[in-house]
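Only the coordinates and a few stated rules stand behind these numbers; no lab work does. Please read all numbers here as calculations on a predicted model, not as lab measurements. Neighbour counts run over all protein chains shown; Cβ positions are idealised from the backbone, glycine included.
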Amino acid sequence: MAITPTGKAYKLRQLQAGKQTAWDTAVAATIKLMELTDATLTIEAETEMQQAMGTLAPATSADIVGVSGKVTIEGSWTFEDAPIYLQALFGAVAPSGAGPYVRAYTSPHQAAYSAEAYTFEFGMAGGLYQAINCVLSMLEIKIVKKKTTTFKAEFLCSNIQVLPSLTVLSDRNVTRVRARDTVISLDPWGGTIGTTPLTGTVLEATIKIQSNAHLKEFVGALYATGYGIDAWSGDIEVKAEFTTVIKAEIDAILAANTVQRLLQFKSTRGTQIDQSNITAVLDGSGQVLYDDNDGNVGVTMKYKPMHNIALAYWLQMTNTNTVAVLAV
């Protein structure tokens, strides 16, 4: 007779998403998220405890005064699923082309934007939950030599509920973005973005975008009644071999020159393309001149986003894939 294991298998967790059309109206998931390495659901049930006079007890009463949550997702960055996170950051865009399909996302500048809110289904049999009104607050993409590109996304959610069962959805084949297929370019502020590749130079790079979206909470409600938007921020790091090109970047800072640059991160695999255009200024604070790169000299450069008036953006992320209509 077989012995039934006790406890739940950590690796059997699933994460599925559905796009909401109205705040506080949960929807069934329409897509199972693929190539994930980790996902966590954090519940914030804020308990206010009262310490009263006349007693040495730690508390005399307690109330739940607010409920919210956070979904954190990590995994491989894929051509097919990238738009799921990009439309949660920028808002939905209509694709151009007829296979492959091109979706171009541009950071907000002088107008408000409407990002997509999701309902997430999370967990495994015997421990299923639904996170509602989830808005993306942070997206980080990491490119490392000899590896596939990875991502981390953080969603703020207004409400967490017990879920009877997962929507039945199928696995999908997706194509991972790889460092081997990626070209990183560095061009002058007034130049043409993507024309000067850093060949044989970059060791790893990280793009971190914070939308600073936040849940809006008011008197008279236990849960957030909506979300607000704010100015975006970001951090870009490029670790590179200490070549003459990179040395010139550092030397410009030492000469008290503002180093404004156009950066492009472009990965191509067949007809599919993942591309980020970023306009930024080199931040020399805390600049370490010598990193160890397997015995060779490396340098990590930190860039801060800066709006480029001529290009009319500081961040543009374009996804080209074979998906005509997104399932979420």
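Diffusion coefficient (Stokes-Einstein, Kirkwood radius over C-alpha pairs, 10 °C, 1.306 mPa s) for region 135-175: 114 µm²/s, rounded to a whole number. Once you divide the Cα radius of gyration of the chain by 2.2 N^0.38 Å, the number left is 1.14. Prolate is the label for region 179-245, because a/c, from the alpha-carbon gyration tensor with a ≥ b ≥ c as root eigenvalues, is 1.5 or above and a/b exceeds b/c. Applying the Karplus relation 6.51 cos²θ - 1.76 cosθ + 1.60 with θ = phi - 60° to region 306-316 yields 3J(HN,Hα) values of 8, 5, 9, 5, 5, 8, 6, 6, 10, 9, 9 Hz, where x marks Gly and Pro. Under 5 Å from the amide H of Ser137 lie the amide H atoms of Glu154, Phe155, Leu156, each residue being 5 or more positions distant or on a separate chain, with H modelled from the backbone and absent for Pro and chain starts.
Report the convex hull volume per residue for region 143-295, counting only C-alpha atoms, in Å³.
So the per-residue hull volume is 206 Å³.
Any idea what diffusion coefficient region 209-328 gets from Stokes-Einstein, in µm²/s, Kirkwood Rh on alpha carbon pairs, 10 °C, 1.306 mPa s? Result for D is 90 µm²/s.
Which residues in region 155-188 place their backbone N less than 15 Å from a point set 7 Å from the Cα of Ala28 along the Cα-to-Cβ direction? Correct set: 164-170. Rounded to the nearest whole Hz, the Karplus-based 3J(HN,Hα) values (6.51 cos²θ - 1.76 cosθ + 1.60, θ = phi - 60°) of region 250-264 follow the sequence 5, 5, 5, 5, 5, 8, 6, 9, 6, 9, 9, 9, 9, 10, 10, with x at glycine and proline. Directionally averaged projected area (region 38-174, Cα convex hull): 14.3 nm². Could you list, in their original order, any pairs among Lys32/Lys142; Lys8/Lys142; Lys142/Lys208; Lys239/Lys302; Lys152/Lys247; Lys11/Lys208 whose Cα atoms are separated by more than 20 Å? With Cα atoms farther than 20 Å apart: Lys32/Lys142; Lys8/Lys142; Lys152/Lys247; Lys11/Lys208. Our compactness index for region 116-195, the C-alpha radius of gyration over the empirical 2.2 N^0.38 Å, is 1.61. The stretch between Val162 and Ala248, if pulled fully straight at 0.36 nm per residue, gains 25.3 nm over its current Cα-Cα span. Projecting the Cα atoms of Asn212, Thr78, Tyr290 onto the dipole axis of the chain, where Lys and Arg carry +1 and Asp and Glu carry -1 at the beta carbon, places Thr78 farthest toward the positive end.
For region 1-56, taking Cα atoms only, Rg and Dmax work out to 20.4, 61 Å respectively. Here the 3J(HN,Hα) profile of region 281-288, calculated from phi with Karplus coefficients 6.51, -1.76 and 1.60 at θ = phi - 60°, is 10, 6, 9, x, 5, x, 5, 8 Hz, Gly and Pro shown as x.
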